[in-house]
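Just so it is clear, none of the values below were taken in a lab; they were calculated from the coordinates. Remember, predicted model here, so these are calculated numbers, not experimental data. No Cβ is skipped: glycine too gets one built from the backbone with ideal geometry, and neighbour counts run over all protein chains shown.
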Amino acid sequence: MRVRAYRFRAYSSKTTARVLKTQFEAACRLYNALLHAEQEEYERNRHMMSRNELRQLALDLRKQNPEFQVLHSQVPSRLLIGSTRHGRGFSTASRTSPR
């Protein structure tokens, strides 16, 4: 199967660019908070958090923190989809050898 790549340029106004930057930064901070929480859980209990636990934590963080409320309601759940594929878990910090 051949892979195709496309490049697009977006010419946005300063207002739109500022809103996008704010949302990307909030998503990045939420992802890092989830990663940190999972790493702490692993260090404490030698147990990786399940996908449902991470999803619930993401939703709780979004409700509690006004900074994360700028994100669309599906963003916290969507942050986890690519990272938990194939049962590998959210972080790679617990792995000792590459797969």
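At a glance:
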quantity: Mean Cβ neighbour count within 10 Å, used as a protection proxy, ranking 16-22, 51-57 highest first; calculated: 51-57, 16-22
quantity: Cβ-based exposure ranking for M48, M1, in which fewest neighbours within 10 Å come first; calculated: M1, M48
quantity: Assigned charges on the beta-carbon of Lys, Arg, Asp, Glu; segment 23-83 dipole about Cα centre (debye); calculated: 200
quantity: FRET E, pair N52, S73, Förster distance 22 Å, beta-carbon r, rounded to 0.05; calculated: 0.80
quantity: Sorted by Cβ density within 10 Å, fewest first, the residues S77, S13, S50; calculated: S13, S50, S77
quantity: Calculated on alpha-carbon atoms, Rg and Dmax of segment 23-83 in Å; calculated: 11.2, 33
quantity: Sequence ranges 67-74, 25-32, ranked by mean other-Cβ count within 10 angstrom, highest first; calculated: 25-32, 67-74
